[in-house]
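> Right, I'll just put the structure down here and ask away after.
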Amino acid sequence: MTGTLESALRRRIDGGGKCLVPYVTGGYPGWVDSLRACAANGADAIEIGIPFSDPVMDGPVIQQSSQVALEAGATPVSILQEVRTLDVGIPLAVMCYYNTVFHAGHERFASDLRAAGVVAAIVPDLPLEEAGDWCAAADAAGVETVMLAAPTAPDERLPRVTARARGFVYSVGLLGVTGERTSLSSTATALAARVKKVTAMPVLVGVGVSNAEQAVEACRVADGVIMGASVVRRMIEEGPDAVGDFVGGVRRALDGATW
Amino acid sequence: MSVLVTPGPDGRFGDFGGRFVPETLVPACQELEAAFEDAWADPVFRGDLDHILREYAGRPSMLTECHNLGRQLGIRLILKREDLNHTGSHKINNVLGQTLLAKRMGKKRIVAETGAGQHGVASATAAALMGLECKVYMGAVDVERQALNVFRMRLLGAEVEAVHSGSRTLKDAVNEAMRDWVATVESTHYCLGSVMGPHPYPYMVRQFHRVIGDEAFAQCNDLLGAPPGVVVACVGGGSNAMGIFSGFVDTQARLVGVEPAGGAAVKRGQPGVVHGMKSYLMQDEHGQVQEAHSVSAGLDYPGVGPEHSYLASIGRAEYPNVTDDEVIEAFQLLSRTEGIIPALECAHAVAWIAREAPSMQGQTVLMNLSGRGDKDVAQMMDILGGGQ
C-alpha cells in the first residue's frame, strides 16, 4: 500500500510538477511559524529535524540550530507534542539520528510518531544493514522510512537500498555534510540518474541544494529536492517571513521551469 | 573457546558494535574491512609492520617491576612500559598499522581525532614517516590544555583544527573527523584512535594493539612463570586496555578497566549508538549524549569501545572508576616512589590500584602504563602550584 508521503509526492509528480521538501529544525525558537510558512508557500511535505547532541551528517548551520534548540530545552517528546497540534495539510516527516530512535525503543518511537501525525522518518546514520528492526517497526506502525542513496554506493547496492525505501528515495547530493554550496555538485544529478534507473519510487535530491536555480538543475533529473541549510539559515537570521519568501520563490521556479 | 571475539560481517561483539554510519561511509567501511583482512593475513604486511614496530617504535616494550610502590602497597606491581614507545604512548602501534594499511589502499591523506593529543601526535608522526598528508581534529578545550602536543603535531607537519562545536572535547573531535571523512572519503583514510567507531575499527584497532598483550603474556611467563593475578588499564575509548586484555582474556587473570568518575560509560551509561557503534554511553533521558568531565583529556569521552561493553556484559572484565582527586594523588605517587611520571590517563589505573591494594595483598598486579606524563606536566603545575 502506498503511504501518505509517497502518495502526496506522486500527486505532484503525476501532475507534471516537481516536489519541494523544506527542512526545519524542530524546537528552534519560532520553528512552528517557519514550518507554517513553508506549508503556506508550496511545500509538498516538511522534514522536521529532531536535534541531537552529535549530528555527524550536518554542517555548521544545522548544527548551530540544533544546539540552540537543545539549549532552549527541546526534546523529542516536546517537539512531537507541538507537532500534534499542527494542522498544515501536508505530510510531515522527521529527520533524527538513530540514538533518538534506539533510546526510545523502535516500537514506541514509531507509535509516538504516528500519534503525533508524523508519517515518515529519515535516520541518516542507520544504513541498510542496520535498518531491519527499525524498518519493521515503522512499517507496522505505518511510518514510511526514507532511505538514503549515497554517491559512493556501488551499482549493486542501489537497488537494495531503494527496495527498502518508503515515501521516497533521498539521493545524497554530494560527498559531504549538509550546508549551502555556491553551485550544485555534478554528483547530484549523476547519482539521481543512477537511482532513477533502479527504482520507480520518487527520487529527491538533498544535501547541497542551496537555491532556486540549483533546485531546478537537480530536478532536470530528479523528482524533487530537499532544502535544509538554506531554509534554516533564513529561519535563524531573518525569521518565518523570509523562510516563506524563499520557499515560495523555489516553488515558483520549479513550477515555471519546462521539463 | 577463546573469549576474544572475532566479529563477523555485522561487526558485533555480543549485542555491541555494528556499523551505524551514513550511507556515504558504508562502502568505505566495507573496503577497509576487506583491506584489513587481506593485509592481516599477508605475511609481507605483517613482516613490514613488525619491522617498523621494532626499528621505529622501539618494540618490544619492557616490563618494569615497581619494588618501592609495590612494597608500600603490599602487592607485586609490574608495569608494561608503553610509555617508552616512540611518541610516548601505546597509540603508535595502531597508527603505524593504519597508515601502512592506508598506503596499501592507495590513500594520500589521513584524518584523525585526538583528545590529549597522543593519538594526534602519533598520527602526525606516522604520516610524516609514510609521506601522507595529515589533518588532526582536536576539541578547543583540549587545544588549550594540551598546547605542547598541538605544537608538536604542527612541527611534524600536520594541520591541527580546533573544534568549537558541542562540548569542544574528544567526542566533538570525532564528529568533526567523521564529517571530514564523509566529504573526502575517496582519497582519505580516517585513522581512528581507539577501539571504537564503526566496524571494522574496534576489531582492527584491537588487533593492532594486541602486540601489547601478546608481549606481556610472554614476558609475565618469563618473569613470573604464570599470568599475573590482576591486569589493570585505564579506559577512555579503551584501546590500551583492549591491547593488554587481549593477551589475558583466556587466562584466569582478573581484568580491570578504570574509567574516570566523570566519564564512567560502563558503570553509569546505558546502551546507545553514537560514532558508528552500539555501546555503553552516557546519555540523558532523551538519548542526548552527555558531556564527560575528566582531568585527563584522553579519557574525556562519554562512550567506550564495544568490546569493553561486551566484556562487561558477560562479566569477564570490570570497570570501576576513580575521581580526579584520586588521579592527581596517584600521578604524584608513581612519580615520587618510582621515578616514573605517568600520563594522567594511566594515573587512573594507578589510583585504582592504590585504593584497592588492601583487598589485593600479596597479589601480582600488571598495569599497562600506556603513556608518559610529560604532556601533563604544565597542567599539573597549574593544579598543584609550581613550587610544590
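> Could you give the size of the charge dipole of chain B about its Cα centre, using +1 on the Cβ of each K and R and -1 on the Cβ of each D and E, expressed in debye and rounded to the nearest 20?
Around 500 debye, computed over chain B.
> About the Cα centre, and with charges only on the beta carbon of Lys, Arg (+1) and Asp, Glu (-1), how big is the dipole of the range B:241-289? Nearest 20 debye, please.
The dipole magnitude comes to about 100 debye.
> Would you mind calculating the relative contact order of chain B from Cα pairs under 8 angstrom and at least 6 residues apart, reporting the percent as a whole number?
20 percent
> What lysines sit close enough to A:K197 to cross-link, taking a C-alpha to C-alpha distance under 22 Å and skipping anything fewer than 8 places away on the same chain?
A:K18
> Ranked by Cβ crowding within 10 angstrom, fewest neighbours first, how are A:Y170, B:Y301 ordered?
So the ranking, lowest neighbour count to highest, is A:Y170, B:Y301.
> Based on the alpha-carbon gyration tensor of chain B and its eigenvalue square roots a ≥ b ≥ c, which shape applies: rounded if a/c is under 1.5, prolate if not and a/b is larger than b/c, or oblate?
Note, shape of chain B comes out rounded.
> For the range B:7-69 and the range A:58-111, what is the separation of their C-alpha centers, rounded to whole Å?
The range B:7-69 and the range A:58-111 have Cα centres separated by 37 Å.
> Still on this structure, I have one more. Which one, A:A137, A:A163, B:A343, is farthest towards the positive end of the dipole of the protein assembly as shown when Lys and Arg carry +1 and Asp and Glu -1 on their Cβ?
Ranked along the dipole, the leading option is A:A163.
> Over the whole of A:125-133, what's the average partner chain Cβ count within 10 Å per residue? Rounded to a whole number, please.
6
> Also, quick follow-up: Rounded to whole Å, give me the distance from the Cα center of the range A:213-250 to that of the range B:133-173.
If you average the Cα positions of each part, the centres end up 35 Å apart.
> Label points 7 Å out from Cα along the Cβ direction at B:A140 and B:D42: separation in nm?
Roughly 4.3 nm, to one decimal.
> Let me ask something additional. Name the residues whose placed amide hydrogens come within less than 5 Å of the amide hydrogen of A:T152, ignoring near sequence neighbours (fewer than 5 apart) on the same chain.
Long-range HN contacts for A:T152: none found.
> On to the next question. How do A:W31, A:W134 line up, fewest other C-beta atoms within 10 Å first?
So the ranking, lowest neighbour count to highest, is A:W134, A:W31.
> Picking from B:C29, B:A124, B:G17, whose Cα lies most toward the positive end of the charge dipole for the range B:1-152 (charges on Cβ: Lys, Arg +1; Asp, Glu -1)?
Checked the options; the winner is B:A124.
> Within 10 Å of each residue's Cβ, count the other Cβ atoms and sort A:M57, B:M1 from fewest upward.
Going from sparsest to densest Cβ surroundings: B:M1, A:M57.
> Magnitude of the Cβ-charge dipole of the range A:18-253, K/R +1 and D/E -1, about the Cα centre, nearest 20 debye?
660 debye
> Could you identify which residue out of B:T99, B:T24, B:T64 has the top mean-square fluctuation in a GNM of chain B using Cα springs shorter than 10 Å?
Comparing B:T99, B:T24, B:T64 in the GNM, the peak value goes to B:T24.
> Still on this structure, please answer the following. Quick one: Karplus J couplings for the range A:130-137, per residue in order, coefficients 6.51, -1.76, 1.60, θ = phi - 60°, nearest Hz, x for Gly and Pro?
9, 8, x, 5, 4, 4, 5, 5
> If you average the sequence gap of Cα pairs under 8 Å that are 6 or more apart and divide by the length of chain A, what percent do you get for the contact order?
About 23 percent, as a whole number.
> Rg to Rh ratio, the range A:18-253, alpha-carbon atoms and Kirkwood radius?
0.93
> Next question. Quick one: what are the phi-derived ³J(HN,Hα) couplings along the range A:35-51, Karplus 6.51/-1.76/1.60 with θ = phi - 60°, whole Hz, x for glycine and proline?
Karplus values, whole Hz, x for Gly and Pro: 4, 4, 5, 4, 4, 7, 10, x, 5, 8, 6, 10, 9, 9, x, 9, x.
> Roughly how many whole Å is it from the C-alpha centroid of the range A:154-192 to that of the range A:27-52?
When both Cα centres are located, 22 Å separates them.
> Take the Cβ-Cβ distance between A:R114 and B:Q270 as r, set R0 to 30 Å, and report the resulting FRET efficiency rounded to the nearest 0.05.
0.75
> Considering chain B as a Gaussian network with a 10 Å cut-off on Cα pairs, which listed residue, B:S167, B:S89, B:S370, attains the greatest mean-square fluctuation?
Maximum among the listed residues: B:S167.
> Roughly how crowded by other chains is peptide B:279-288, in terms of the mean Cβ count from those chains within 10 Å of each of its Cβ atoms?
Across the residues of B:279-288, the mean count of other-chain Cβ atoms within 10 Å is 5.
> Right, something else. Pairs B:K80/B:K278; B:K107/B:K375; B:K267/B:K375; B:K278/B:K375; B:K107/B:K135; B:K91/B:K267: which are spaced more than 20 Å apart, C-alpha to C-alpha?
B:K80/B:K278; B:K107/B:K375; B:K267/B:K375; B:K278/B:K375; B:K91/B:K267
> Please list 3J(HN,Hα) in residue order for the range A:244-259, calculated via the Karplus relation 6.51 cos²θ - 1.76 cosθ + 1.60 where θ = phi - 60°; whole Hz, with x for glycine and proline.
x, 4, 5, 5, x, x, 5, 4, 5, 5, 5, 6, x, 6, 9, 9
> Sticking with this structure for a sec: Which of B:P306, B:P320, B:P27 moves the most in a Gaussian network model of chain B with Cα springs under 10 Å?
Maximum among the listed residues: B:P27.
> State, as an integer percentage, the relative contact order of the range A:180-253 based on alpha-carbon contacts under 8 Å between residues 6 or more apart.
Dividing the mean separation by the residue count of the range A:180-253 yields 30 percent.
Since every read-out is calculated from the coordinates, none of them should be taken as a lab result. What you see is a predicted model, and the numbers here were worked out from it, not measured in a lab. Here the Cβ is made from the backbone with ideal geometry for all residues, glycine too, and neighbour counts use every protein chain on show.
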